[in-house]
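Enquirer: Handing you a structure now.
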Amino acid sequence: MLRLAAALFLGLTLWTGSASAQTQQAAPTLRSSPIIVIDLEEVFTSSLYGQRVVADYNAAAIELEAENRRIADLLLAEERSLTERRPSMDAEAFRVAAAEFDDRVQGIRRAQDTKERELQTMISAGRDAFLVAIEPVLGTLMREFSAIVVMDRRATLMRLEAVDVTARAIEEVDAALGDGATAPDETGDN
């Protein structure tokens, strides 16, 4: 197996050297390759599905940020009010009011931190669901190109551009999944 990998690498390296002038003109059309390469991040961010996940995340993040600003403004006003009332308050009453205010602020901070973590979980879950959803598409591309391996572009040191099927993967993902808002069997297509 190691010999096969070394032979493939050596063959691709030699072909890269002789084809470097070709890649500047036009990448050769790939018909068959034991290895195909895609940029998973690009497929995610350029596909309709990934764009919907990111848009949903961004909308939720903007909403959370606006909520945080509203809460901060309310708490700032309440703190100012407490500070202004301090001279007229009994020291013990002020201490109790300040402690209650601090407890409430800490509780709000914990709740908002939880919402932030849920937001991060949302984008992570969206990416995970995307990776599961594109498995059949990648399988189809593997069969089409007679590939035995699909590699992420970021994991390759050197490659011919011809083995990079990222653009094709984006087209196929969009065709198969659309924006992913509904499962394929819910659309009546499958």
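Enquirer: Rounded to the nearest angstrom and ordered from largest down, what semi-axes does the equivalent ellipsoid of the range 43-115 get from its C-alpha gyration tensor (root of 5λ)?
Expert: Details: eigenvalues 345, 26, 5 Å².
For the range 43-115, the semi-axes come out at 42, 11, 5 Å.
Enquirer: Size of the dipole of the range 27-187 about the Cα centre, Lys and Arg at +1 and Asp and Glu at -1 on the beta carbon, nothing else charged, in debye to 20?
Expert: Details: 19 positive and 31 negative charges, 72 e Å.
Here the size comes out at about 340 debye.
Enquirer: Oh, and also: Any idea what Rg and Dmax come out to for the range 104-190 if you just take the C-alpha atoms, in Å?
Expert: Taking only Cα atoms of the range 104-190, I get Rg and Dmax of 18.7, 62 Å.
Enquirer: Can I ask one more? What order do you get for 173-182, 104-113 when each peptide is scored by the mean count of other beta carbon atoms within 10 Å, highest first? Don't skip to the answer; put the middle values down first.
Expert: Values: 173-182: 17.2, 104-113: 12.1.
The peptides rank, most packed first, as 173-182, 104-113.
Enquirer: For the range 33-83, what does the equivalent ellipsoid look like in terms of its semi-axes, each the square root of 5 times an eigenvalue of the Cα gyration tensor, given largest first in whole Å?
Expert: Gyration-tensor ellipsoid for the range 33-83: 45, 10, 4 Å.
Enquirer: Per 10 Å bin, what is the whole-percent P(r) computed from every C-alpha pair distance within the range 27-187?
Expert: Final binned percentages: 9, 26, 20, 14, 11, 9, 7, 3, 0.
Just so you know, all these numbers are worked out from the coordinates, no wet-lab data involved. Only a predicted model underlies this, so the values are computations on that prediction, with no experimental measurement involved. Backbone-built Cβ (ideal geometry, glycine too); neighbour counts: all protein chains shown.
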